[in-house]
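K.L.:
Here it is, the structure in full.
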There are 2 protein chains.
Amino acid sequence: MADSVPSPRRRYRPLPLGAVGFEDQFWAPRLRANRQRGIAFQFEQLERIGAVQALDQQPRPLAIPWRGWGTTQMFWDSDLAKWIEAASYSLATYPDPALEAQVDDLTAKLAAAQQPDGYLNTFFTAHMPDKRFTNERDWHETYCAGHLVEAAVAHFEATGKRTLLEVMERYVDLLASVYGPSEGQKRGYPGHEELELALLKLYRATGKPKYLEFARYLVDERGRQPHFFDLEALARGDDPAAFFQKTHEYSQAHRPVREQDKVVGHAVRAMYLYTAMADLSGETGDAGLMAACERLWADLTTRRLYVTGGLGPSASNEGFTADYDLPNETAYAETCASIGLVFWARQMLEATGQGRYADLLEHALYNNVLAGVSPAGDRYFYENVLQSAGADRRWEWHVCPCCPPNLLRLLMSLGQYAYGQGEGEIAVHLYAEGRARLEVAGSAVTLHQTTRYPWDGSVSLKLELSQPAAFTLRLRIPGWCEGARVFVNDVGVALAPLLEDGYASLHAQWKSGDEVRLELPMPAHCLYAHPAVRADAGQVALQRGPILYCLEAADNPYPLHQLILPENAEIRARLAPDLLGGAVVLEAEGLREATSDWNQQLYRSSPPKLEPVTLRAVPYSLWANREPGEMRVWIRTA
Amino acid sequence: MADSVPSPRRRYRPLPLGAVGFEDQFWAPRLRANRQRGIAFQFEQLERIGAVQALDQQPRPLAIPWRGWGTTQMFWDSDLAKWIEAASYSLATYPDPALEAQVDDLTAKLAAAQQPDGYLNTFFTAHMPDKRFTNERDWHETYCAGHLVEAAVAHFEATGKRTLLEVMERYVDLLASVYGPSEGQKRGYPGHEELELALLKLYRATGKPKYLEFARYLVDERGRQPHFFDLEALARGDDPAAFFQKTHEYSQAHRPVREQDKVVGHAVRAMYLYTAMADLSGETGDAGLMAACERLWADLTTRRLYVTGGLGPSASNEGFTADYDLPNETAYAETCASIGLVFWARQMLEATGQGRYADLLEHALYNNVLAGVSPAGDRYFYENVLQSAGADRRWEWHVCPCCPPNLLRLLMSLGQYAYGQGEGEIAVHLYAEGRARLEVAGSAVTLHQTTRYPWDGSVSLKLELSQPAAFTLRLRIPGWCEGARVFVNDVGVALAPLLEDGYASLHAQWKSGDEVRLELPMPAHCLYAHPAVRADAGQVALQRGPILYCLEAADNPYPLHQLILPENAEIRARLAPDLLGGAVVLEAEGLREATSDWNQQLYRSSPPKLEPVTLRAVPYSLWANREPGEMRVWIRTA
């Protein structure tokens, strides 16, 4: 594991991947499936479509046709990059010489594909070498660069190998010569944000301030006037207004980022930009950027977020529409957008230490994100609807295959989301049986978590120390939890005085064998949406702990819109060990509108009769893995 | 008024237009607006787009671009024809020399446009004379012919002038030589049904059986194998499967009509076909055709009909989708489709005498159909949604302007829908203050209706006879009505023994001065949809008498989805004399979900608080005539 520069202004930094182990019944099987099946499966798909072969940069007929703005083939480099990044994360914890050789082969091919001046984009070099740096608005050129930078950093940190890192440093140096504020440079910035957050990783991996500065330039130049995308269009001889999305809100370039207060446009782009803004603020202490992030966060979470942790309701812009516009059956809620929210939340959490960011990180992760991949790790959702008439099916691949490798890299780096380390403190953000090793206050510490979370709210943390040490142990008290209790060496301690930023903060002189136990009550309960949300009117969603539930036809053999959950129904939780690897399911006595007495009437003046029926809900993240049928998150209530 | 052939197998025949007068507060102002404003306004529009000028058959660049299947400009002849038909109906009751001259000018131009062989289609002659009779599936060639036939019959019957009638007889003779079962003929039939029902009118106007026979051929040839549309495509060198709609269900040509039992495809086409089938059965006593009609009617009314009398939910095929698929906000429910349903219902009613057909005729007319035109007679809806987020606006004209002249011809001939005359009997189908003159049992009879229907259910019918006469007077007891009472010369008579086919049948020796009075209670009430209708779950619609209601933002200054009408709420009816010409509105004490206590939460575990609020509903037919805003037919209940 290579060193990275310290980030003194950041409240928490993650632990290195190899330091965190999952040994639980929830994550461990999922990580194993994605590691053992997903990595190989996705590489097969990248080979099948031709993305791997395209590294030779030979011009071929397009595999994916050009449409209006371009072709998704333009960002095959990014899909390969995310795969390299994911594989590297896996190698950091699970050495695998064959996989490492496969990754090395790709990095060698990428190195060979680099042009003499440092340029590296296999699509442009093969198909339109004269079009370099002419349409950043539409063509994902720096987006690909950003993902390759992330891959390079991951590969370097996992293996210590500098092949790709050096390639990408050269390319970034070229980009920084092309785009910048100086005379003779284009005052440009990414059309699809990504390079910014990657540059911050590159900065930390190399310790070179120029990458931090380049990131800061790209973030701050965004949305200024005269508008770069307009100038760029004029330089091409195009009408600046005549582009597919018609508004620079699409790429959050409608105004300078520090002046933004609404989450708008393409949801993934938005999340990647905000991630970079939060990271930059965490790195530099830039309070103005953090204030903008907090405004945007408030806008997202109070008006534009699905109860699943999904975001961006519309397919037309893959993004945001209007406040409270959260349609269920047509929800776009792209898997990548929710992954981007996890990235952003992590930067907000690490910068500020506020538990509410971890709350949403956890919620998006356990629900919308996980719904994007099957338990076996090889079937995916791109859109994540909250209601299905039964025609939705998971797919093996997509014409725009951004989500599968994005899922893979997030899951393969999950350890970085679970713990945080600060000055004299350790924070536990996510609960999962397993262990973490780190150094704090001069002691080597191993934390042993024992828990059946998320199915049960009891968490035991046993400490193993090389020598007694005084530090603060912070345990997240989830926002969904009421009545949490803390025990230190079996002694209940009052929680209220310990609560700080959503964490129970236990400062002590710790020694080996000490145990902290958390009891997080997680009764199943209903959630109601704000009355402004038209799509959810008269309906409830079911949640237990961090897990959001849904009804599926497989468990409820009735048209789901005919089912009613009475307002005060008792909701029972039950472990279903055979359900897709085991899960807690919910049951409640509900009602069903009877159809037997309608006698060929389509409309009548008396209400439907109601029959008792047991409603059965499963975790939303598990839907569409059994026989196809209807699904519904929001359940009628009365 | 010209004679028409008697139709002995038909239960009822309509009265001639000049014999029926509306002097009420509901229809009379609407008919006046459409007569005095609508006729002139629509002609201006037809001139503005160039449809009138196109009668000179000079090739010009297309005014409406060709798209895939063709251009709506292909059926400008039909729009002109419907205008001529409507103007002729108006002339039948309200002589107007200027209008008559305008109509005569058009008929003269149509006569001049007829080709030496009888062919008459201004689009084909001007733009693609070599493409005659080559693509009946897509190109509306006989559809235009059918509308011109209807116009010719109306013009002839209103004015006695044979100009257009003779033109159209020659053209129909040409069509009947091209299409038919004999050697050397194409075994073809219309792509867009219309000619069939027009031929039946032509048969009655001329008394020539050949037109009845041609109609029968067209109806019965439809959907047979080998499939005409496929053969026609092969003859053009096209792939028969490669057409826009992909299925012959689109034009109800997927199987022979006598074997059909589901209403499918393009809704207007379906209604026009079924109208012809019912008319043909009424004319000939063909029980097989009537059985098919009854199956199709049952399918429509028990599974595929909006509560407004709208039909055809989908824009993609302008037609039918799946059973119980009745989305509200995206409802297509084309005005023409509901007009077509009125046509079909009238034929079913006249053929069988069953009041249930008049019930739906009335319902579609008062609700979906009337919603298609503003009270002033010059703003229209093509689609008739049942829920609007507020962006829907009435328009002046449409790229496919089929609906405005269709509305106009229906309204200008409304008298034909109000009464029926049978052997020794008179039936009153629709109630409206006014009078009707006819002969029955050797006596000249004038019926004087006095009523404030549809706002009030009291109807008085006074008889004026040239001499006493014995006949049956049938008064429709609407299906929505419970507890109807009948009084003959102020004596209450038991209704049950009189009820026959949905009509109170009063056989008597009638004399001048006799009065029959009906009391039709019309309390406002809720309607519930069959539980299989997903879009209406947990909601109610409001109806009073034949009038269906909706909530509009203009009267309810809240997001409409936040409003709840409790199940047993008292619904009050109140006359609002200033509302768009006067209407009965409904009010009820309901509830509104409060937003004041949500404190920036998007989701929470307690239900919204409810505040009392008065709900105000207006007739659906009147919506979108005031300040724009939300609209909702289906109201949440609890």
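The values are calculated or read from the model by the stated rules, or taken from the named source; none is laboratory data. Note that the structure is a prediction, hence the values are computed from the model and not measured. Counting neighbours? That spans all protein chains shown, and the Cβs are built from the backbone with ideal geometry, glycine included. Remember, those area values only see protein heavy atoms, side chains included, never the ligands or the DNA or RNA. Shrake-Rupley method; radii C 1.70, N 1.55, O 1.52, S 1.80 Å.
K.L.:
Counting only residues 5 or more places away or on other chains, whose amide H sits under 5 Å from the amide H of A:I477 once H atoms are built in the peptide plane?
P.N.:
A:Y503, A:A504
K.L.:
Give me a single rounded figure for B:76-85: the average over its residues of other chain Cβ atoms within 10 Å of their Cβ.
P.N.:
For this peptide, the per-residue mean of nearby foreign Cβ atoms is 0.
K.L.:
Under a point-charge model restricted to the Cβ atoms of Lys and Arg (+1) and Asp and Glu (-1), what is the dipole moment magnitude of the protein assembly as shown relative to its Cα centre, in debye to the nearest 20? Intermediate results must be reported in sequence, preceding the final value.
P.N.:
Working: 126 positive and 160 negative charges, 69 e Å.
With only Lys, Arg, Asp and Glu charged at Cβ, the dipole is about 340 debye.
K.L.:
Okay, next question. Any chance you could run the full-extension gain for B:K186 through B:D325? It's 0.36 nm times the residue separation minus the Cα-Cα distance, nm to one decimal.
P.N.:
Working: separation 139, 0.36 × 139 = 50.04 nm, distance 3.77 nm.
Taking B:K186 through B:D325 to full extension adds about 46.3 nm, to one decimal.
K.L.:
Taking a virtual spin label 7 Å from the Cα of A:L495 along the C-beta vector, which residues in segment B:578-609 bring their backbone nitrogen under 17 Å of it?
P.N.:
B:605
K.L.:
Check B:A576: other-chain or 5+ apart residues with amide H under 5 Å from its amide H, H built from backbone geometry?
P.N.:
Sorted by chain and number, the residues that satisfy this are B:A583, B:V584, B:V585.
K.L.:
Separate question: Hey, can you find the accessible area per residue of segment A:110-204 for me, probe 1.4 Å, expressed in square angstrom?
P.N.:
Working: 2770 Å² over 95 residues.
Here the per-residue accessible area is 29 Å².
K.L.:
Quick check on packing: order B:134-141, B:394-401 by the mean number of other C-beta atoms within 10 Å, highest mean leading.
P.N.:
Numbers: B:134-141: 22.5, B:394-401: 16.1.
Taking the mean over residues of other Cβ atoms within 10 Å, the ranking is B:134-141, B:394-401.
K.L.:
How big is the accessible area of B:M290 in square angstrom, nearest 10, if you roll a 1.4 angstrom probe over the protein chains?
P.N.:
B:M290 exposes around 20 Å² with every protein chain in place.
K.L.:
A drop of at least 10 square angstrom in accessible area, chain alone versus all protein chains together, probe 1.4 Å. Which residues of segment A:304-325 meet that?
P.N.:
With the partner chains in place, segment A:304-325 has these residues losing at least 10 Å²: A:L305, A:V307.
K.L.:
At 1.4 Å probe size, with every protein chain present, just tell me what the per residue accessible area of segment B:289-433 comes to in Å².
P.N.:
On the way: 3150 Å² over 145 residues.
Each residue of segment B:289-433 exposes 22 Å² on average to a 1.4 Å probe.
K.L.:
Same structure, new question: With each label point set 7 Å from Cα along the Cα-Cβ vector, what nm distance links A:R60 and B:M128?
P.N.:
4.1
K.L.:
Turning to a different aspect of this structure: What is the average number of partner chain Cβ atoms found within 10 Å of a Cβ in A:296-302? If you can, show how the numbers build up before the last one.
P.N.:
Numbers: counts 0, 0, 1, 0, 1, 4, 6.
Mean number of neighbouring Cβ atoms from other chains: 2.
K.L.:
Oh, and also: From the phi of every residue in segment A:153-170, what ³J(HN,Hα) in whole Hz does the Karplus formula 6.51 cos²θ - 1.76 cosθ + 1.60 yield, where θ is phi - 60° and glycine or proline is x?
P.N.:
Along segment A:153-170, the couplings run 5, 4, 5, 5, 5, 7, 10, x, 7, 9, 3, 6, 4, 5, 4, 6, 4, 4 Hz.
K.L.:
How many Å² of accessible area per residue for segment A:522-638, probe 1.4 Å? Don't jump to the answer; show the numbers that get you there.
P.N.:
On the way: 4230 Å² over 117 residues.
Heavy-atom accessible area per residue stands at 36 Å².
K.L.:
Sum -39500 (n - 2.57) across every DSSP H segment of at least 4 residues in chain A, then divide by the residue count to get the 222 nm mean residue ellipticity, nearest 500. Could the numbers behind the result be given before it?
P.N.:
Values: 17 runs with 209 residues, N = 638.
Computed mean residue ellipticity for chain A: -10000 deg cm²/dmol.
K.L.:
Name the residues of segment B:519-552 whose accessible area, probed at 1.4 Å, falls by at least 40 Å² once all protein chains are in place instead of their chain on its own?
P.N.:
With the partner chains in place, segment B:519-552 has these residues losing at least 40 Å²: B:Y528, B:H530, B:P531, B:R534, B:A537.
K.L.:
Then there's this: Which residues, if any, in segment A:611-638 have at least 30 Å² less accessible area in the whole protein complex than in the isolated chain, probe 1.4 Å?
P.N.:
For segment A:611-638, once contacts with the other chains are taken into account, A:R636 lose 30 Å² or more.
K.L.:
Please report the relative contact order for segment A:332-380, taking Cα pairs under 8 Å with a sequence separation of at least 6, and give it as a percent rounded to a whole number.
P.N.:
Details: 36 pairs, mean separation 18.8, N = 49.
38 percent.
K.L.:
Pull up the cross-link candidates among the lysines for B:K210, meaning alpha carbon to alpha carbon under 26 Å and not fewer than 8 places away within one chain.
P.N.:
Correct list for B:K210: B:K82, B:K161, B:K186, B:K201.
K.L.:
Another question, then. Measuring from a point 7 Å out along Cα→Cβ, what nm distances, shortest first, does B:R162 have to its partners in the other copies?
P.N.:
Inter-copy label distances (nm, one decimal, shortest first): 10.4.
K.L.:
For B:E193, what residues show an amide H to amide H distance below 5 Å, using hydrogens built from the backbone and excluding near sequence neighbours?
P.N.:
When sequence neighbours closer than 5 places are left aside, there are no close amide H contacts.
K.L.:
Inter-copy label distances at A:A28, 7 Å along the Cα→beta-carbon direction, one decimal in nm, shortest first?
P.N.:
Copy-to-copy label distances for A:A28: 8.7 nm.
K.L.:
Here is a follow-up. Provide a whole-number value for the mean count of partner chain Cβ atoms within 10 Å of the Cβ atoms in peptide A:595-602. Before the final figure, lay out the partial values.
P.N.:
On the way: counts 3, 0, 0, 6, 1, 5, 5, 15.
Going residue by residue through A:595-602 and averaging, the value is 4.
K.L.:
Can you list the copy-to-copy distances for B:P116, using a point 7 angstrom from Cα toward Cβ, in nanometres, shortest first?
P.N.:
7.8
K.L.:
Find how many whole Å separate the alpha carbon centroid of segment A:397-432 from the alpha carbon centroid of segment B:528-565.
P.N.:
If we compute the Cα centre of each part, the gap is 46 Å.
K.L.:
With all protein chains present and a 1.4 Å probe, how do B:H147, A:H248, A:H448 order by accessible area, largest first? Don't skip to the answer; put the middle values down first.
P.N.:
Values: B:H147 0, A:H248 30, A:H448 70 Å².
I get A:H448, A:H248, B:H147, largest accessible area first.
K.L.:
Ordering B:D117, A:D220 by accessible area with a probe of 1.4 Å, largest first, what comes out? Please list the in-between numbers first.
P.N.:
Numbers: B:D117 75, A:D220 30 Å².
Order by accessible area, largest first: B:D117, A:D220.
K.L.:
Just to check I understand the Karplus step: with θ = phi - 60° and J = 6.51 cos²θ - 1.76 cosθ + 1.60, what whole-Hz values come out for segment B:369-374, glycine and proline as x?
P.N.:
Calculated HN-Hα couplings, in order: 5, 5, 4, x, 9, 6 Hz.
K.L.:
Now a separate question. Apply the Karplus parameterisation 6.51 cos²θ - 1.76 cosθ + 1.60, with θ equal to phi minus 60°, to every residue of segment B:63-80 and state each ³J(HN,Hα) to the nearest whole Hz, in sequence, with x for glycine and proline.
P.N.:
Whole-Hz 3J(HN,Hα) from phi for segment B:63-80: 7, 10, x, 6, 9, x, 6, x, 9, 5, 4, 4, 10, 4, 3, 6, 5, 4.
K.L.:
Which order do peptides A:271-279, B:413-421, A:335-343 fall in by mean Cβ count within 10 Å, highest first?
P.N.:
On the way: A:271-279: 29.4, B:413-421: 22.3, A:335-343: 26.9.
Taking the mean over residues of other Cβ atoms within 10 Å, the ranking is A:271-279, A:335-343, B:413-421.
K.L.:
Looking at the square roots a ≥ b ≥ c of the eigenvalues of the Cα gyration tensor of segment B:97-194, which shape do they give, rounded for a/c under 1.5, prolate if a/b is larger than b/c, or oblate? Before the final figure, lay out each step's value.
P.N.:
Working: a/c = 2.13, a/b = 1.79, b/c = 1.19.
Taking the square roots of the gyration eigenvalues as a ≥ b ≥ c, segment B:97-194 is prolate.
K.L.:
For segment A:160-259, what relative contact order do you get, as a whole percent, if you take Cα pairs closer than 8 Å and at least 6 residues apart? Walk me through the intermediate numbers first.
P.N.:
Details: 80 pairs, mean separation 23.1, N = 100.
This gives 23 percent for segment A:160-259.
K.L.:
Give me the accessible area buried between chains B and A, both sides summed, with a 1.4 Å probe, in Å² rounded to the nearest 100.
P.N.:
Numbers: alone 23570 and 23560 Å², together 43790 Å².
Heavy-atom accessible area buried at this interface is about 3300 Å².
K.L.:
Along the Cα→Cβ direction, 7 angstrom out, place labels at B:R224 and B:D96. What is the inter-label distance in nm?
P.N.:
Inter-label distance under the simple model: 4.5 nm.
K.L.:
Please compute the modelled spin-label separation between A:E294 and B:Q601, points set 7 Å along Cα→Cβ, answer in nm with one decimal.
P.N.:
In this crude spin-label approximation the distance works out to 2.3 nm.
K.L.:
Do you know the relative contact order of chain A, to the nearest whole percent, from alpha carbon pairs under 8 angstrom that are 6+ apart? Could you put the intermediate results ahead of the total?
P.N.:
Numbers: 1344 pairs, mean separation 85.4, N = 638.
RCO, chain A: 13 percent.
K.L.:
Shifting gears a bit: For chain A, which whole percent of the accessible surface, found with a 1.4 angstrom probe, sits on carbon and sulfur atoms?
P.N.:
That fraction is 51 percent.
K.L.:
Residues of segment B:401-435 with backbone nitrogen within less than 15 Å of a virtual label 7 Å along the Cα-to-Cβ line of B:H448, please, listed as ranges.
P.N.:
B:433-435
K.L.:
Which shape class applies to chain A: rounded if a/c is under 1.5, otherwise prolate when a/b exceeds b/c and oblate if not, where a ≥ b ≥ c are the square roots of the Cα gyration tensor eigenvalues? Kindly include the intermediate steps, with their values, before the conclusion.
P.N.:
On the way: a/c = 1.68, a/b = 1.20, b/c = 1.40.
In terms of gyration-tensor shape, oblate.
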